[in-house]
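Below is one structure, written out as structure tokens, with a few remarks after it.
The values are calculated or read from the model by the stated rules, or taken from the named source; none is laboratory data. Because the structure is predicted, anything quoted here is derived from the model rather than measured. Glycine gets a Cβ as well: all are built from the backbone with ideal geometry, and neighbour counts include every protein chain shown.
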Amino acid sequence: MIRAIAPDDEAAALRAFAATFELDEDAELLRPGAWTRRYFANPAGTRATIAALPDGRLLAQYAGLPQGAWLDGERATFTQGVDSLAVPDEGRGGLGSLFVRVGRRFAQAYGGRRGEGDPFMWGYPVREAWRIGRAALGYETIRSQLALVARVDALAVHVRDEALVEELAAFPDSLDAWFDEHRKRYAAICDRTRAALEWRYAGRGYRFAVATRGGALRGLAVCRDVEIEGARRFVLCEWLVEHDARGALLAWAREAAREAGVETLYAWLPPWCEDFLALQVAGFRVHPTSRVLVGRSYDKRWAPEWYAENWFMTLGDTDLV
Amino acid sequence: MNRALEIRPLDAARDADSLLATWATVFGRERRRAEWEHQVLANPAGTRVFVATCDGRVVAQYAGVPTRVWIDGAERVFTQSVDSLVHPEFRKGLKRPGLFVDVARAYFDHYGVHGSDAVHYGWPLEAAWRIGKRFLEYECVREEVVLVRDLDAAPAEISAPEFTVQEVVPTGEELRWLWERCCGAWGASAIRDAAFYAWRFAGHADAAYRLLGARDAGGTLCGLAVLRRGDWLTPGSRALCDWLVPRVELAASRELEAAVLRAAERDGGHRVVTLIPEWSPHFLTLQERGWCVHPAPYRLAARCFDQRLDHLFLREHWWLTLADSDLA
């Protein structure tokens, strides 16, 4: 039976995960409450379709993490495809496979014009999923993902005295009003509201700081040391900053990386945004990654390639860090 | 409109005048016959043009520029789509998807599906991209980025140069040897030989190029750069069109790059722009020398006709520079 996932599918889902992905015992998803948090505590909702037997066994899943977003000035929901699976010897088998049928049902259930469904779904599929998705599920390449990488000792940081940086234990109330102004410079951006960031980062080992000038919020950074693209990096998961606070926030990130004993800072930003060049001037270099950003648009007003040039996104939008 | 159309490969002797007249109507400017003949008829890799005619008049074309490509130990052909057009009279009154698509489908069937071309690619304008994606199986390989070096910060003087860098006219043997030293690290690359360089640069009808070569003390060519004279993309920008330097030749690379920047400055340029695949070590090396990565107004699109090739392969293994385009 193909249907939406339910909270009591947890045990079957985790068994399917273990069978498919050979999860380590200490994998984050296996921690108590993690699965429920991922699928049912997201403030933007739940997006998962499964194929399950009457005895509850899960054979295939197509899932996503929805994000509240702004799309040309109006509210929308974007969904990142994650955790899709087909249990070996059960759900696989080409374009007519159970996996594809589940994926198509997922698209029918959640995709749609803005206001009627999710207008944009996206992700970084592994190579095999890219091929299937391209052939059967409407995936289109949006861009080759590039990374900004800097050796901590090579950073040239110019700190403006007026900007103060404070590392916090919780996201401040002032964030929502600041984001509501900041987001207007982008035609498409997912929420960086307090609620969205709390769900995404709180209690999970991230460090975050804000930059202020004269008491006004000027920037936000969320960082974490993590293994990505084959090396341990200090990742700028979130990087939203005004130009007059960039240096101060970067200096904080550099010190945080040093404290973590990590030699490189790492970020993803769209090539067209101001900070893509500004960070290069500060000492970052642009590297290729193994990832290809793909997407599917469910609203003809915004083709997938439109998002390449208009959607501000960082690694914090993904589930990779 | 219900007029008999014939869709077929170009017959240059019969179609040239009519094609160039339609070209002028569509693009609002004349195309010099010599320039057209050079691009279409003199290409050593062949000709790829389909036309639609009505009462003997060319009313549409889908065209490409083929290139001999070395891939997986064999020679194949990759073809860049260029200069597609439909006469305004034939854009109206036709059922979707229209004459453009009819000609393109015949072209792709002939050269790709039933022909020997492995890949057709290009950097389509937005309207062509939308139609191509919907009807012609265009897919995005990547959104291009370019490396840009501003010339306000001059390159450091090289105190003890190991190479002599000057304008060169490489022999075919030199060119082929240099390319073969490079291409071992590339999964696919247009063959840089005398025929290709003579056609692409020396004989170009509209643009002038400066070939700079780095020779070691024994006179061996260890690196080659091709700089286009005059503005490209924006005022003051000079295009570095080709960069043929084996990855182990770091000193030659440094000295050649410095010479390119000096030459661009002497030509009145304020910056140098180049397109180099992101996976190449040169992409990072040039950044370490002061080049920055900027977005480019180009989307690389491709259609693969060989199932062993796909867009991921092209993205990760195809050595592609401005030399492989008609952009500069």
Per-region count, the range B:76-94, residues within 24 Å of B:Ala323 (Cβ to Cβ) and either surrounded by 19 or more Cβ atoms within 10 Å (Cβ to Cβ) or modelled with pLDDT under 95 (or both): 8
Matching residues, the range A:275-321, being at pLDDT 95 or above and of a type in the set (Ser, Thr, Tyr): A:Thr289, A:Ser297, A:Tyr298, A:Tyr307, A:Thr314, A:Thr318
Output for the range A:261-289, where each listed residue is in a loop (DSSP other than H, G, I, E, B) and either aliphatic (A, V, I, L, M) or touching a Lys or Arg at 6+ places or on another chain (Cβ under 7 Å) (or both): A:Val262, A:Glu263, A:Leu269, A:Ala282
Considering residues of the range B:298-323 that are more than 24 Å from A:Trp272 (Cβ to Cβ) and in a helix (DSSP H, G or I) only, the residue nearest to the chain's Cα centre (by Cα): B:Ala323
Qualifying residue in the range A:255-269 (condition: surrounded by 22 or more Cβ atoms within 10 Å (Cβ to Cβ), more than 21 Å from A:Glu167 (Cβ to Cβ) and within 14 Å of chain B (Cβ to nearest Cβ)): yes
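To keep it simple, each residue is scored yes or no on (1) within 20 Å of A:Leu137 (Cβ to Cβ); (2) surrounded by 14 or more Cβ atoms within 10 Å (Cβ to Cβ).
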site	(1), (2)
A:Ile5	yes, yes
A:Arg15	no, yes
A:Glu25	no, no
A:Arg31	no, no
A:Ala48	yes, yes
A:Gln61	yes, yes
A:Leu71	no, yes
A:Asp83	yes, yes
Answer residue from the range B:148-200, given it is of a type in the set (A, V, I, L, M) and surrounded by fewer than 16 Cβ atoms within 10 Å (Cβ to Cβ) and is farthest from B:Ala34 (Cα to Cα) among those: B:Ala160
Out of A:Ala308, A:Ala303, A:Ala245, A:Ala251, sole residue that is surrounded by fewer than 24 Cβ atoms within 10 Å (Cβ to Cβ) and more than 22 Å from the chain's Cα centre (by Cα): A:Ala251
Given (1) crowded, with 23+ Cβ neighbours inside 10 Å; (2) within 13 Å of another protein chain (Cβ to nearest Cβ); (3) assigned to a helix (DSSP H, G or I), index of the condition A:Val292 fails: (3)
